[in-house]
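One structure below.
The values are calculated or read from the model by the stated rules, or taken from the named source; none is laboratory data. All of these numbers come straight from a predicted model, not from anything done at the bench. Ideal geometry is used to build each Cβ from the backbone, glycine not excepted, and the neighbour counts take in all protein chains shown.
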Amino acid sequence: MSDIFGSYWYGIFSTQEKQTLLCPSLYLSPSSIEEHGDLAYIYRISYEEGEKKAHAFIAVYFSQDILNTLLRKNTTVIASVTYIVNKREALVSTSDKALSGIHFMTQEKLEDSIGAPGNFIALQTKEGAVYSGYYKIPNSDWYMVSILSSENLTKKGTSFVFYFLLLYFTFLLLVFFITYFLSRSIVDALILL
C-alpha cells in the first residue's frame, strides 16, 4: 500500500477529480513497473457514505515495448522519430530515444509552430530542416508527435519518383512492342489475302 501512496499517479488523483488516468512509467513506482508493466490505465472508484470518503483503484498494466515497437515499425524514414507524450510532457513511448530527446517539443511549442493537430509543416531546427506534425490521441491526454528528416524524406521521394518513372517507361515499351507485333501480324495477314 505504501507503494501506491508514494506514487505520482496517486498524487494526481489526490489533487484532481479525475476518474481515469493513462500513466507513463514516470507515474508508476519501480516495484509496479518491475512486477506488472511500465504503462498503466488506472480507474478510480469513489465511495461516499455521509462524510466518509473512500477510493478504490483498478489498474491495468501493459508494456511500453508494444508501443515502442509499433512506433518503430511505422517510422520508415531514416533519421526520423515518432513519440507519444502526455499533457504533462512526460514521454510515454518513442521509436528512438536519442532522436526524441533531440527533437522533443512541448505542446505549447507544437501549437505555436504547427497550429492545430493534424497539420504537417516544415520547420527549421538546430539539427536541420524537418517536417513535423502532431495528433491528439482520442480519450486520453496523450498526443503523438512525428518529426521527419527533410533530407531523408526528399531522398525517399526522389527514389519513389524514379521507380515510378522506370515502371511507366517499362510498360510504355511493352505496349509499343505488343502494338508493333500485333500490327505487323495484321499487315502480314492482309498481304497474304
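Worth a mention:
- Taking the listed residues Gly128, Gly50, the one that is more than 16 Å from the chain's Cα centre (by Cα) and not assigned by TED's automatic domain parsing to the domain that holds Ser29 is Gly128, with no other qualifying.
- Each residue in the range 102-120 was checked for being more than 20 Å from Asp141 (Cβ to Cβ) and aliphatic (A, V, I, L, M), and 1 pass.
- Of the strands (runs of 3 or more DSSP E) lying entirely inside the range 5-63, those containing at least 1 residues that are without any contact (Cβ under 8 Å) to a residue 12 or more places away in the chain and exposed (fewer than 12 other Cβ atoms within 10 Å of the Cβ) span 39-49, 52-62.
- Restricting attention to the range 65-100, the residues that are under 30 Å from Thr158 (Cα atoms) and either part of a loop (DSSP other than H, G, I, E, B) or charged (D, E, K, R) (or both) total 11.
- Leading residue by the ranking (surrounded by the most Cβ atoms within 10 Å (Cβ to Cβ)) among those in the range 139-157 that are over 13 Å from the mean Cα position of the chain (by Cα) and not small (Gly, Ala, Ser): Leu153
- Any hit, the range 138-150, residues being at pLDDT below 85, hydroxyl-bearing (Ser, Thr, Tyr), out of contact with any strand residue (DSSP E or B) (no Cβ under 8 Å at 6 or more places or on another chain) and not in a helix (DSSP H, G or I): no
- For the range 100-113, the criterion of being under 12 Å from the mean Cα position of the chain (by Cα), surrounded by 13 or more Cβ atoms within 10 Å (Cβ to Cβ) and either hydrophobic (A, V, I, L, M, F, W, C) or not assigned by TED's automatic domain parsing to the domain that holds Trp9 (or both) is met by at least one residue.
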